[in-house]
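S.K.: Right, I'll just put the structure down here and ask away after.
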Amino acid sequence: MLSYSSYMLTAVAALLVTCHALRKCPGIPGLPGVPGLPGRDGLKGQPRLPGLIGPSGNLMGPPGRDGLPWPQGLPDSLDAELHNVLVNLKHRLSRLEGVLALNGKIREVGEKILASNGKEVDFASALESCEEAGGTLATPMNEEENKAILGIVKQYNRYAYLGIKEGETSGQFKYINGTPLNYTKWHQYEPNGKGTEKCVEMYTDGSWNDEKCNLYRLTICEF
Ligand code: MAN
Ligand code: CA
């Protein structure tokens, strides 16, 4: 449902970042008037940006002062409208985040968004559903993130698999992207599986236990 607006936000954001970072915007020769973007936010019925979505021709202008090619400027009116679109999209996203947080559907910690589907499945299935949704298994990388994940574990009162696995060397746990852990919260006497418990679960006090990967544990994802 959000994929179109996410796409538009990304496209507009990419353009604006370029515009503002470079203080110049890609040139669109002969751009008619002030085009709008289709959508539900008061910008209905206007044509798409020719050249931004369709073929654009050469976006780079003549060389800049340092001799490197430099994008030509958009008209100020379009720059202002794109800025306005981005401000509105940010405001709408922040309200949607507010609704989801209010309903206990998401938790935000730093740059991460955490969410659970409430399902208890084995490690591989949990990871798969997180990845299908565009995220990965929740992976606490500091105390604040551990507490945020714990909030969801307590909400469902179920142990949850974390995005951590044992490497080839027994007792050596890593993030699922293969990098070594920079934060741990092992329960007393854990990890104790010595190669027989290659996954990690979070208990309802936030501490960690190495555990078999084929148990049914709460799925918590991060995005
Ligand atoms: C069970 C398993 C182990 C854990 C011990 C703790 O045997 O969950 O992973 O270490 O309990 O007593
Ligand atoms: Ca254990």
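The values are calculated or read from the model by the stated rules, or taken from the named source; none is laboratory data. A quick note: this is a predicted structure, and the numbers were derived from the prediction, not measured. Using ideal geometry, Cβ is built from the backbone for each residue, glycine included, and neighbour counts are taken over all protein chains shown.
S.K.: Among the candidates Glu168, Glu143, Glu131, which residue alone is free of Cβ contacts under 8 Å to residues at least 40 places away in the same chain and either under 29 Å from Asn103 (Cβ atoms) or hydrophobic (A, V, I, L, M, F, W, C) (or both)?
M.R.: On the way: Glu168 fails: either under 29 Å from Asn103 (Cβ atoms) or hydrophobic (A, V, I, L, M, F, W, C) (or both); Glu143 fails: free of Cβ contacts under 8 Å to residues at least 40 places away in the same chain.
Of the residues listed, the single one that is free of Cβ contacts under 8 Å to residues at least 40 places away in the same chain and either under 29 Å from Asn103 (Cβ atoms) or hydrophobic (A, V, I, L, M, F, W, C) (or both) is Glu131.
S.K.: Among the hydrophobic types (A, V, I, L, M, F, W, C), in the same structural domain as Arg217 (by TED's automatic domain parsing) and in contact with a helix residue (DSSP H, G or I) (Cβ under 7 Å, 6 or more places away or on another chain), is that true of Ala138?
M.R.: yes
S.K.: Got a sec? Which of Glu120, Glu144 is exposed (fewer than 14 other Cβ atoms within 10 Å of the Cβ), assigned by TED's automatic domain parsing to the domain that holds Gly163 and of a type in the set (Asp, Glu)?
M.R.: Numbers: Glu120 fails: exposed (fewer than 14 other Cβ atoms within 10 Å of the Cβ).
On inspection, the qualifying residue turns out to be Glu144.
S.K.: Do you know which residues across the stretch 164-193 are of a type in the set (Gly, Ala, Ser) and surrounded by 10 or more Cβ atoms within 10 Å (Cβ to Cβ)? If you could, list the steps in order and put the result at the bottom.
M.R.: Within the stretch 164-193, the subset of a type in the set (Gly, Ala, Ser) is 167, 170-171, 178, 193.
Those that are of a type in the set (Gly, Ala, Ser) and surrounded by 10 or more Cβ atoms within 10 Å (Cβ to Cβ): Gly167, Ser170, Gly171, Gly193.
S.K.: So, of the residues in the stretch 124-142 that are part of a loop (DSSP other than H, G, I, E, B) and not aliphatic (A, V, I, L, M), which turns out to be nearest to Leu215 (Cα to Cα)?
M.R.: Start the filter on the stretch 124-142 by keeping residues that are part of a loop (DSSP other than H, G, I, E, B), which leaves 133-135, 138-142.
So of that shortlist, the ones also not aliphatic (A, V, I, L, M) come out as 134-135, 139-140, 142.
Values: Gly134: 24, Gly135: 21, Thr139: 18, Pro140: 20, Asn142: 25 Å.
For the stretch 124-142, the residue satisfying everything is Thr139.
S.K.: Count, please, the residues in the stretch 80-95 that happen to be closer than 30 Å to Val153 by Cβ and without any contact (Cβ under 8 Å) to a residue 24 or more places away in the chain.
M.R.: Here is the first cut: in the stretch 80-95, the ones closer than 30 Å to Val153 by Cβ are 93-95.
After this cut, where a residue has to be without any contact (Cβ under 8 Å) to a residue 24 or more places away in the chain as well, the list is 94-95.
The total comes to 2.
S.K.: Does the stretch 163-182 include one or more residues that are within 16 Å of ligand 2 (Cβ to nearest atom), under 18 Å from Cys130 (Cβ atoms), under 25 Å from the mean Cα position of the chain (by Cα) and modelled with pLDDT of 95 or more?
M.R.: yes
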